[in-house]
Amino acid sequence: MQRYELLTADNIDRSAGAYIGGIKLFSDGSVSGRTALVSEPFLGSEEKGIAMTSKEELLAAAAEAKECGIQLVVHAMGDRAIDLIVDTFYEEKAWLTDAPSVRIEHAAMPSESALQKAAEWGIGFVPQPIFLFCEIESYLENLGLEKTQTLYGVQTFLQRGIATALSSDAPATSWAEAANPFVTIQAAVTRRAYDGTDLGAAEKISVEEAIQLYTVDAKTMIRMENVGQLKEGYEANFVVLTDDLMTLSHNQLMHVKPFATYIEGECVFTQSTLQAQ
């Protein structure tokens with residue numbers, strides 16, 4: 001039986017900067033670990049991953065999330081794990097109006113049925129192309145190139161009208177700079193791994209779309225207020241970059257660095273400060 005410790009408006013000190021993200025469950029494991037719950041066995045084996053939750057547990061967690069007015073967030077990579085989540089809620093009623101009531105973290109390989117139902121119900125997908133970028137060897141070994149080239153299909157998600165945002169999932173990647181958003185942006189834009197492996201050109205998105213998914217759409221996905229845009233009434237948190245993302249060669253995006261960082265309008269970092277240290 002899974003247990004949930006909830007933070008509600010009654011027991012949280014917002015002045016301390018805390019934010020209620022939702023209730024999180026795990027539906028399966030990972031592709032690299034051969035524990036993602038899949039319908040077809042991983043290459044060279046009979047392994048089909050592990051199931052870590054059930055329909056009953058999903059509904060119980062959703063009831064708690066609804067009572068507290070927060071999201072239900074579920075880790076799912078394999079197609080069977082994603083199907084379980086989507087099918088569980090397809091006949092249920094969403095409880096949030098400003099964002100997806102249910103969002104799936106990773107959504108690596110949704111089935112055609114899951115794509116259709118997620119779009120209709122309003123389930124959100126938060127994929128991380130950085131996994132393909134930095135863990136390409138394990139993906140090729142476990143799934144093969146053809147299947148790998150369809151994973152984390154951001155372009156497909158957008159075309160199907162699925163609420164989508166990008167993230168790095170740091171620190172749960174093997175890349176040295178796991179939290180670097182520009183690595184994920186480059187992977188989404190080029191669909192190339194660090195070693196040049198073609199990750200499926202059909203799923204490429206533009207730099208503009210990647211930035212949108214990492215800022216405005218991410219803000220909407222997780223229901224944070226007054227962030228994600230340079231706009232009157234929003235918090236003045238932003239970075240000045242060393243390069244122009246719109247003109248820089250796409251295979252150089254991962255090397256972009258902040259020149260200066262501002263928090264609430266105050267400059268808290270500059271490269272000159274770093275060099276002085």
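The values are calculated or read from the model by the stated rules, or taken from the named source; none is laboratory data. Since we're looking at a predicted model, the values are computed, not measured. Neighbour counts run over all protein chains shown; Cβ positions are idealised from the backbone, glycine included.
If the condition is being assigned to a loop (DSSP other than H, G, I, E, B) and either surrounded by fewer than 13 Cβ atoms within 10 Å (Cβ to Cβ) or in contact with a Pro (Cβ under 8 Å, 6 or more places away or on another chain) (or both), then the range 195-235 contributes 195, 196, 199, 225, 226, 230, 231, 232, 233. Taking the criterion of being acidic (Asp, Glu), at pLDDT below 95 and more than 29 Å from residue 74 (Cβ to Cβ), would at least one residue in the range 209-232 satisfy it? Looking for residues that are acidic (Asp, Glu), at pLDDT below 95 and more than 29 Å from residue 74 (Cβ to Cβ), one finds at least one in the range 209-232, hence yes. How do the pairs read when you match residues in the range 147-165 that are more than 14 Å from residue 132 (Cβ to Cβ) with residues anywhere that are surrounded by 18 or more Cβ atoms within 10 Å (Cβ to Cβ) and among the acidic types (Asp, Glu), using Cβ under 6 Å and keeping only pairs 6 or more apart or on different chains? What qualifies is 165/217. Of all residues in the range 52-100, those being in a loop (DSSP other than H, G, I, E, B) and surrounded by fewer than 23 Cβ atoms within 10 Å (Cβ to Cβ) number 14.
Condition check: farther than 18 Å from residue 48 by Cα and surrounded by 18 or more Cβ atoms within 10 Å (Cβ to Cβ). Does residue 161 satisfy that? Judged against the criteria, residue 161 is not a match.
Of all residues in the range 79-105, exactly one satisfies the criterion of being among the β-branched types (Val, Ile, Thr) and more than 27 Å from residue 148 (Cα to Cα), namely 97.
Filtered by the rule that a residue be touching a Phe, Trp or Tyr at 6+ places or on another chain (Cβ under 6 Å), more than 17 Å from residue 139 (Cα to Cα) and surrounded by fewer than 21 Cβ atoms within 10 Å (Cβ to Cβ), the range 167-194 gives no residues. Of all residues in the range 109-141, those being crowded, with 17+ Cβ neighbours inside 10 Å and among the charged types (D, E, K, R) number 2.
Evaluation of residue 255 against the conditions (1) in contact with a strand residue (DSSP E or B) (Cβ under 6 Å, 6 or more places away or on another chain); (2) under 30 Å from residue 109 (Cα atoms); (3) of a type outside the set (Asp, Glu) shows that the sole unmet condition is (1).
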